[in-house]
1. Got at least one residue in the stretch B:127-146 being more than 10 Å from every other protein chain (Cβ to nearest Cβ) and assigned to a helix (DSSP H, G or I)?
2. Kindly provide the set of residues from the stretch A:65-104 that are facing chain B (nearest Cβ under 8 Å) and touching a helix residue (DSSP H, G or I) at 6+ places or on another chain (Cβ under 8 Å), ordered by number.
3. Residues that are within 24 Å of residue B:271 (Cβ to Cβ): which strands (runs of 3 or more DSSP E) entirely in the stretch B:317-383 hold 1 or more of them?
4. Here is a check on your reading of the model: is residue A:121 outside any loop (DSSP other than H, G, I, E, B), more than 9 Å from every other protein chain (Cβ to nearest Cβ), at pLDDT 95 or above and surrounded by 20 or more Cβ atoms within 10 Å (Cβ to Cβ)?
5. Could you pull out the residue among A:344, A:326, A:337, A:365 that is within 14 Å of another protein chain (Cβ to nearest Cβ), in contact with a strand residue (DSSP E or B) (Cβ under 7 Å, 6 or more places away or on another chain) and on the phi < 0 side of the Ramachandran plot?
6. Tell me whether the stretch A:19-36 contains one or more residues that are within 8 Å of another protein chain (Cβ to nearest Cβ) and assigned to a helix (DSSP H, G or I).
7. Identify, please: which residue in the stretch A:427-471 is part of a strand (DSSP E or B) and over 29 Å from the mean Cα position of the chain (by Cα) and is, among those, farthest from residue A:416 (Cα to Cα)?
8. In the stretch A:337-378, what residues are farther than 19 Å from residue A:388 by Cβ and within 30 Å of the chain's Cα centre (by Cα)?
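The values are calculated or read from the model by the stated rules, or taken from the named source; none is laboratory data. Bear in mind the structure is a predicted one, so any value in this text is a computation, not a measurement. Note that each Cβ is placed from the backbone with ideal geometry, even for glycine, and that neighbours are counted across all protein chains shown.
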């Protein structure tokens, strides 16, 4: 095996493990501007696969894509009071263009509610124009002080959905539908179990009436908010004059929503599944579901030719079955290849040399198992095709069991304090923002969400203030990214 | 038919025809910043289909996608002299971010050669790392003074390929391969015939050694450059220090290429095919290949139900055959629907009412024909499935015949002057940039390209200066967008 400096273990320094792995696994590289990263092909392919699955779900739920310009007049942000308060500190501002100073500075979009609102006001005249169900795939800039690849970057790739509806009920149903789409992406594709819930007032999107979230547990027990869906009420409709003639020919303001999922989901995949050897990628999103390593001594021309013929046969059959498979025929030692593909988290690897061929078998390395399996060549393709959904199920179950083991229900302050050291804590909270702040100062934990399907808080009191519960359900406390 | 203000005809004012059509057909809308347009779902779906086909061809030719940040330090542009000269007048510059003035201003990418060069220098160490075959799908900003939707906009969507090679031969082969990919996209998907050729020195990309182009004829006889592929020599490799150890362990500079195709291709589709009624979309890229209009009086509930059942059957069969089909069941008069889908250029429309059902037929309107065809319902699906590639062929042939009718070979100055009034002129040119400039001033026409497969210039003299030909082939003169 080639000598490679090992990763820090997750136990000794989870943060260092992450920060080294994203570079070593060729996911990202540093760009010239602080906090803006290059996403390399291996990382970008993950994002492309996320995009493909999400986009199909958006279209299946009746949405269409479109494109808005990224430069927004600064004055637009002033129109919605909470929105400007939330976003102005993070804006990147274009003051000069075409060799001249601009009359009005332009912000690079941090999110597009304002410019979308301006156009929706023009497009929406009658209830017949509603609902308007649109989505944008684009890049945004938020000037963050502390950045980390995928998790918090000054520029990131994402999608932002923006819809307008005639009624509050319809808009709230849309917000819920899109949260469910995100939960499906996380659970059924990324193999990351998530808690669907509502954000408390202090954690809401700037300008929203309600923010729903999916929260996932990383392997250090911290939470990662992985997608959010907002009911904006009539706030933006009033700020941008999005009105329509309703069925009774009365003027009314539309109810709008927005929802976004970003390259942060790649960070979720890395931290929810990875181990000390490196990444473990969910097969439905992995760039390569199977890597085949043909072996054989360099002086055994005949053996290598026979192996290559069998590899080509197997790979052609896998591709015909829709499997994403890569042949690694680089002039590099098998040990170095094994090390690299383990670190890059390829779900299944096939090692095949002349001796295996003589024995009529291949060795299959499953990234979730320590030992290789010996599989007859006659059944190899079927074995691999079946192993892909099975790998997904085992990976999901592994993450679910991990989360369960690290989740406690706290009835006392001490239990809360102890619980957030290692994972999620389910507890009753009074809903007072001042109490939330005090808890965060004392424990570094925040209310991640009030779960939609959770433990009833009926008859219980706040673990911090002893006051009655502020919500129907107990909340989830955790430290978070 | 609903009353709609008609489009200007192409003959009376082609430019006004275009400028009205892009809005009326719901392709674009005005954004708040001059020159940056909103691409609406009907226009964006065209771009998504272009992306899908191009991306498949990129991957089939061995390329991978990745993502670079859009903000580039201004100093990067200084490193390649011709590049900075070409692009600095068009840069949009971020001077403030996060509430503070930046130490170094950042440009929004007008193209990414500089930032790509910086990273390639890091990624490329040995000949084993070559070739590097990467592509970016993104948005760029070029502050243009005169803008038009799709054709010239201050922000646009595109892809930019960036590759690095060990040898000049390999790099030049790549440039040619990608030009061929663009030509295939234009001809086999957009049904737009193109001339593949080389740009003269004055029309080259800023920093390139060679620029290849595909040039298409619009229906006013003008040319539209629709995609370009550049051999950058070692210019950027030297500016950004992209060196590698070659097979003989000698340090060498890489040879790089770049190639781009943008939303301008949507403009090409509009202007190469449209007529006085509106768009005519190439079926392989059209958002809807078939639109079905169910008919029936509003008081004939039973008739409408029967029609809807048949429509659902036909649409399900079409979708199963991979056809993109839309049912237009809006509460709008059939006449208004017919007018709208003609203007939106849907290749095939099916009108079906209770009387048609009784007769066992449907009416099929082909956008390239004046009259509707009566088609037996039993054969309707097969008819439509077959009509799609046939429509593509007829549309391509129509554009090819138009171009042929508007292309002349000029042997004299007067023939050149007359020819560029209505179309393309094939003529010998001496290659002198001063002569090119004088021709442009006199005729508004430029050398669009020196065709790769063209008319030999052997033994002929320049139509302007009488000097010997500067190129192997006669060149194409035309007025251009």
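1. yes
2. A:65, A:66, A:67, A:68, A:69, A:72, A:76, A:88, A:91, A:93, A:98, A:99
3. Strands (runs of 3 or more DSSP E) meeting the threshold: B:348-352, B:361-366.
4. The answer is no for residue A:121.
5. Exactly one of A:344, A:326, A:337, A:365 is within 14 Å of another protein chain (Cβ to nearest Cβ), in contact with a strand residue (DSSP E or B) (Cβ under 7 Å, 6 or more places away or on another chain) and on the phi < 0 side of the Ramachandran plot, namely A:326.
6. The answer is no, given that none of the residues of the stretch A:19-36 is within 8 Å of another protein chain (Cβ to nearest Cβ) and assigned to a helix (DSSP H, G or I).
7. A:468
8. Of everything in the stretch A:337-378, those that are farther than 19 Å from residue A:388 by Cβ and within 30 Å of the chain's Cα centre (by Cα) turn out to be A:337, A:338, A:339, A:340, A:343, A:370.
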